[in-house]
Every structure is written in structure tokens, then in C-alpha cells.
Amino acid sequence: MTAIIIAVVVVTVIGIICAVVLSVASKVMYVPVDERVTQLSEVLPGANCGGCGFPGCDGYAAALVEDPDTPLTLCAAGGAACAQAMAAILGKEAGEMVEKRAFVACTGDCSKTKNKMEYVGIDSCKAAKVLFGGAGSCTFGCMGLGDCVSACVNGGVSVKDGLVRIDYSICNGCGGCAKACPNSVIKILPADTPAFVTCSNKDKGAVARKKCTDACIGCGMCMRKCPNGAIKLENNLAVIDYEKCNGCGTCIEVCPAKCIV
């Protein structure tokens, strides 16, 4: 009985000592937090998608307070209303919010391309890519295993017939899906982007078309016909310079593969 009492007393004393040490440490090591960080975190949507370029909403809130030059318009998930609310907290102008959306640089669904092998493994694009670039004959396109679906915090991404689909009534351009795609098939661009190349295949034309009937053939017709010099070929693939593109639509009309929309 005496041994039990001694043990209880020892544990109690140790607990009291630890409590005192922690209490003192919390005061000595306390780091003051600007209350505006907390207020900004409460205004932000809490999606923690990383679309702003910071580690979650709390990271973005801290950056806004620490660096006055950090733009208030980086939260695509919160949109213009969120930017205005944060501007009110910080006492500054929100600036213009550019609405963005996710665009898929691939149209190779099951009717346009085929698999070169049967993949049996982890249901993940990143995992499948390690095995000879994935099951698809085109190793540049959408792998269709849905890493982007899991990454979308809004439920705006799905996979149908082996190809990622974006629901534009839901998509806010946060960028989570683009970061999750190992082939960088998903691009985040302004919602009013005038023209977009729906292919990512960098093989030469004949090889690309054997792998996918919707592939860009790298013929350069769009580049030659563009009146603004806004298109060039990089690794057999048409690339649009949006600083020069005025949306005239010439590239869309002349593309023989119909992979510019």
C-alpha cells in the first residue's frame, strides 16, 4: 500500500513540475501573432489547395501581413468577394481579380487512343507513370486514373472514357488539379483565353497520330498563318504566346488536326 502511495505522489509531483515548465516556456517562447493573420484566415475559404502559391490558407494570410506587396487576388477559390474582404482588413485596394479556369491539353479519350499494355497496380497516375510512362500508347496525354479528381476540392473534375473532364460551372481555377497531374496536361489560364492547344504530344506528326487520332501533327500551319506571330512550334507541338494572341481565330480555322479550339 505504501508503495502505491509513493508512486502516486511521485507521478503527481512530476506532473506539477512539467506543468510549471510548460507554463513558463509558453510565456518565454511566446511569439506574438498579428491579429490580422487570424482575421484573414477566417475570411479565406480554408480549401488549402495551394493555388495561391503558399502552403495553405494560413500561409497566404501570414504572407499578406508580412509582405505588403503580396497580391490580394491570388485566392481563386475565394474569388473577388474574398479579395475585397481581405482588402478591408488590411486597409488597401484589392486590385482586379482575373477569373481563371482549368483547361485540358488532351482530347485522347478511349475512342481516340488505346493502351499499349494492361496496367495492374495502384490506381494513381503518378504510380502508373513510373511503369514505362503509363498504360496509354501516348505517354504525354491524360492517364485517366484520377489524381486530379482527388485533388479538386470543389468536385469539379471527373474522368469519363479515360479522359479528364472539367465542370466549368464548378471550376474556379484554384490549380489543385494541375499540380496533381504528372503529365502537366491540365493548364490554369484566364477564363477568357481565346485559343488553346488541346494536345500535349511531342512526338513527330506521323508517330503522334498513330498514338492518338486527335494529336497535333506539328505541321506549323497555325504558326505560318497567325497574323500576330503568336504561335511557334516547340518539340513538334504548337505553343501559343498569349501576350501576342488577340483571339482572331485564324489558327483554329487553319489547323488540319483541329486540335486548337
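With contributions of -39500 (n - 2.57) from each DSSP H run of at least four residues, the per-residue ellipticity at 222 nm computed over the chain stands at -10000 deg cm²/dmol.
The mean sequence distance of close C-alpha pairs (under 8 Å, at least 6 residues apart), as a share of the length of region 94-247, puts its relative contact order at 25 percent. Note the angle between two axes, namely the Cα long axis of helix 56-66 and the longest principal axis of the Cα atoms of the chain, as a number of degrees from 0 to 90, rounded to the nearest 10. Between the helix axis and the principal axis of the chain, the angle is about 80 degrees. By definition, a body whose alpha carbon gyration tensor gives a ≥ b ≥ c is oblate when a/c is 1.5 or more and a/b is not larger than b/c, and the chain fits this oblate description. The alpha carbons of region 145-261 occupy a box of 41, 32, 19 Å along the principal axes, longest dimension given first. The Stokes-Einstein estimate for region 129-173, based on a Kirkwood radius over Cα pairs and taken at 37 °C with 0.692 mPa s viscosity, is a diffusion coefficient of 288 µm²/s.
The Cβ shell under 14 Å around Asp161 holds other residues with a net charge of +2, Lys and Arg each +1, Asp and Glu each -1.
Inter-part distance, region 153-219 to region 19-82, computed on C-alpha centroids, equals 32 Å.
Each peptide among 202-215, 221-234, 129-142 gets the average number of other Cβ atoms lying within 10 Å of its residues, and from highest to lowest they stand as 129-142, 202-215, 221-234.
Computed packing ranks the peptides 6-15, 82-91, 64-73 as 82-91, 64-73, 6-15, most packed first, by mean other Cβ atoms within 10 Å. Specify the angular offset, from 0 to 90 degrees and rounded to the nearest 10, of the alpha carbon long axis of helix 2-28 from the longest principal axis of the alpha carbons in the chain. The helix 2-28 is inclined about 60 degrees to the chain.
Throughout, read-outs are computed from the coordinates displayed, never taken from laboratory work. Predicted model, so just to flag it, every value in this text is computed and none were measured. All Cβ positions, even for glycine, are placed from backbone atoms using ideal geometry, and neighbour counts span all protein chains on display.
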